[in-house]
Amino acid sequence: MRFTRSGGILLHPTSLPGRYGIGDLGDTAYQFVDFLTAAKQSLWQILPLGPTGYGDSPYQCFSAFAGNPLLISPDKLVEAGFLPPDALANVPQFPTHRVDYGWVIDYKNKLFDRAFAHFQAHAAAEQHADFEQFCGENDAWLDDFALFMALKMEHMAQDGGVWNTWPAGIAQREPSAMARWMDDKAVEIERHKFLQFVFFQQWLALKAYANKRGVKIVGDAPIFVAYDSADVWANPDLFYLNDDGSPSVIAGVPPDYFSETGQRWGNPLYRWPVMAEDGYAWWQARLKATLAQVDIVRLDHFRGFEAYWEIPAEEETAVIGQWIKGPGLDFFHTMQEKMGDLPIIAEDLGVITPEVEAMRDEFDFPGMKILQFAFGGEKNSSFLPHTFPRNCVVYTGTHDNETTVGWYQNASPAEQDHVRRYTASDGHDIAWAMIRLAFASVANMAVAPLQDLMKLDNSARMNFPGKASGYWQWRFTPEMLTDEIRRRLVELTELYGRLPETKD
C-alpha cells in the first residue's frame, strides 16, 4: 500500500511530560496531538504499546495483544470515576527528564490496586457492562494474558517468574491445573482485565482525537515475540520449544560490520509450517488487534519473513547459526486475502537480499531510509536522498540510533565533510539540516524523532541495541516543545508539499 506525501514525528508516549514519572495517555498526550496539528504534521509514530518486562523494552513484551498499564493516566482514572480525587494528593517527586521504572511501577501498581477496588465498589452499572463487553470481545487473548500475569506475579521470586519455571501442571497448561489456578487467582485475573479495559479506553479515545484532527498513528509490530510472554505460554505448538518448554532455537542476526559476534536476541522462533496449516490464524488475529490500535504499522525485521537467522538456544552468541526460509510471499498473500490491503511499512534495514526486496515490492510496501546511514561511504548509497524511490519512509534516525547531533559529534571527519557538502551547510545546525533533507526528499513519508527537532545530543538517546538496561528512559518537559520548533516545522512542511490532506 502506498501512502500520501506527509510528515511526522517519532515519539513514544513514555517520553511525554507529566507528574507521574512516565509519559501517559492523559492531557499531555492530547497536547502533543495539538502540537502536531499546529505544526501541520500528519503522522505520530510510536513504538510497540505492549506491557514491558525485563529491561523495559517495548520490543520484549508480555503480550503482543495487550497494552502497557504504565501508560494509563491517573488523571483520566479520576475523570472516569475509577479513583477518588484525593488518590492523587501525594504524588512523589519523580525525575522529569527520565523514567525511573522501578519507582514508577511501585507507585502505579499501588494506584491501580486502589482503582480496581474503587471500580468494584463504586462503578456504575453501565461501566460494569462496558467492562464485561470488553472482556467478551477480547477473550481470545485476554483470558490467557490475565492468568499469565497473575501467575507471573505469584512466582516472581522464582527466576523472575518465567513461565517454564512454574509448577509443571500449569506451565504445561494441564486442564485441572488451569481450572485450579483460575479459581485461586480470580481476583488478580479480574484486576489485570480491568487494567486492560482502562488502557484501551484511554488509548482509543486518544487515537480518535488524533484521527479527527488529521493525525494518523504509525505503530510498530516486532516480528518476534518475547519468550516470557502469554503468547508463547498459551500457544506452545506454534514455537520451537523443548519438552521442558525452553526454546530449542532462537532469533538473532549473524556477525556483520557492526558486531563480530552478531546479535543474539533470544526470542523463540515460529513453526511457520504449523502456522500455515490454519492460514496463519494467530498472525491474522495479531495484525487485526494491532490495526485496531494504530492506522499504519511498521513491521519490524521484515526480512525475517523471507529468511531468518536460526541460532541454537545453547549458543551464547549469534556466530553459530543458519539462514532458514520464512513463509515469504505465501504469508502476505494469505493476509491480503483475509484482511485486504495492509497499511504496512517494511523495516528493511540491514543486509537485504533481492528476495526480500521482491517480497516488499510485490505488495507495494514502502521500505525505510535512514539518513545517518548515508554518509562517509559510497557516494551513491541507497540511503542518500537522490537515490530514493517515492515509495519509502525517510527518517533522520530511529529509536535505535544516536540522535542526529550525537551522531554528527561522533562521526569521522570524512562523514562530517560529506554531510556538510551534501546539505550545503556548515554543520552548526546539523539536526535541522538533516530534517530539511528528509522533508525535501521524494520519499512519500518523512519522520523525525522529537529529539532531533529539539537538537539534543546522545544524552537523549532512546535505545542502544544490544545493551540490556539503562535505556527507554528519555522524557522531555513542556517548555522544550517550543513555538520555534513548530514554526520551523510548518515552514518545511509547506515548502516541500507535506501538508495534511484536507477534508471537504
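Each reported figure results from applying straightforward, stated rules to the coordinates on display, with no laboratory input. Remember, it's a predicted structure, so these values are computed and weren't measured experimentally. Every residue, glycine among them, receives a Cβ derived from its backbone with ideal geometry; neighbour counts consider all protein chains shown.
Inverting the mean 1/r over all pairs of different Cα atoms, compute the Kirkwood radius of the range 1-125 and quote it in Å.
It works out to 16.1 Å.
Around Val394, which amide H atoms from residues at least 5 apart in sequence, or from another chain, sit under 5 Å from its own amide H, with H modelled in the peptide plane?
Lys369, Met445, Ala446, Val447
Can you tell me the Rg and the Dmax, both Å, for the Cα atoms in the range 235-355?
15.2, 41
Taking every DSSP beta bridge that has both residues in the chain, what percent is antiparallel when rounded to the nearest 5?
Of the beta bridges lying entirely in the chain, close to 40 percent run antiparallel.
Taking a 21 Å limit on the Cα-Cα distance, which of the listed pairs Lys76/Lys288; Lys76/Lys110; Lys110/Lys193; Lys110/Lys288; Lys40/Lys212 fall beyond it?
Going by Cα-Cα distance, Lys76/Lys288; Lys110/Lys288 fall outside the 21 Å limit.
Please enumerate, by chain and number, the aspartates and glutamates with C-alpha under 13 Å from the C-alpha of Lys379, excluding those fewer than 8 residues away in the same chain.
Hits, sequence-local ones excluded: Glu415, Asp417.
When the Karplus curve 6.51 cos²θ - 1.76 cosθ + 1.60 is applied with θ = phi - 60°, which whole-Hz ³J(HN,Hα) does each residue of the range 53-66 get, with x for Gly and Pro?
Couplings: x, 4, x, 6, 7, x, 9, 9, 9, 6, 7, 7, 10, 7 Hz.
Ignoring everything except DSSP H segments at least 4 long, calculate the 222 nm mean residue ellipticity for the chain; use -39,500 (n - 2.57) per segment, divide by total residues, nearest 500.
Result for the chain: -12000 deg cm²/dmol, rounded to the nearest 500.
Step through the residues of the range 441-447 one at a time and calculate ³J(HN,Hα) from phi using the Karplus curve (6.51 cos²θ - 1.76 cosθ + 1.60, θ = phi - 60°), rounding each to whole Hz and writing x for Gly and Pro.
After applying 6.51 cos²θ - 1.76 cosθ + 1.60, I find 5, 7, 3, 4, 10, 10, 9 Hz.
Considering only C-alpha atoms, what is the centroid distance from the range 283-349 to the range 176-241, in Å?
Cα centroid to Cα centroid, the span is 19 Å.
Please give the Cα centre distance for the range 448-463 versus the range 21-66, rounded to the nearest Å.
16
What is the range 50-123's relative contact order, in percent, from Cα pairs under 8 angstrom and six or more apart in sequence?
27
For the range 102-217, what is the largest minus smallest coordinate of the Cα atoms on each principal axis, given in angstrom and ordered from greatest to least?
51, 33, 27
Translational D (Stokes-Einstein, µm²/s) of the chain at 4 °C and 1.567 mPa s when Rh comes from the Kirkwood sum over C-alpha pairs?
My calculation gives 54 µm²/s for D.
Sorted from fewest to most neighbouring beta carbons within 10 Å, what does the list His301, His333, His118 look like?
So the residues, fewest neighbours to most, are His333, His118, His301.
I need to check one value: relative contact order of the range 366-471, counting alpha carbon pairs closer than 8 Å and at least 6 residues apart, in percent.
Normalised by residue count, the contact order of the range 366-471 is 34 percent.
I need the helices of the chain that pass two filters: whole DSSP H segments spanning 27 Å or more by Cα along the axis, and mean Kyte-Doolittle score no lower than -0.5.
101-122, 186-212
Please tell me the relative contact order of the range 158-275 in percent, rounded to the nearest whole number, where contacts are Cα pairs under 8 Å and at least six residues apart.
20
To make sure I understand the rule: partners must be aspartates and glutamates, Cα under 18 Å from the Cα of Lys108, and not fewer than 8 residues away in the same chain. Which ones qualify?
Asp24, Asp27, Asp56, Asp75, Glu79, Asp86, Asp100, Glu188, Glu190
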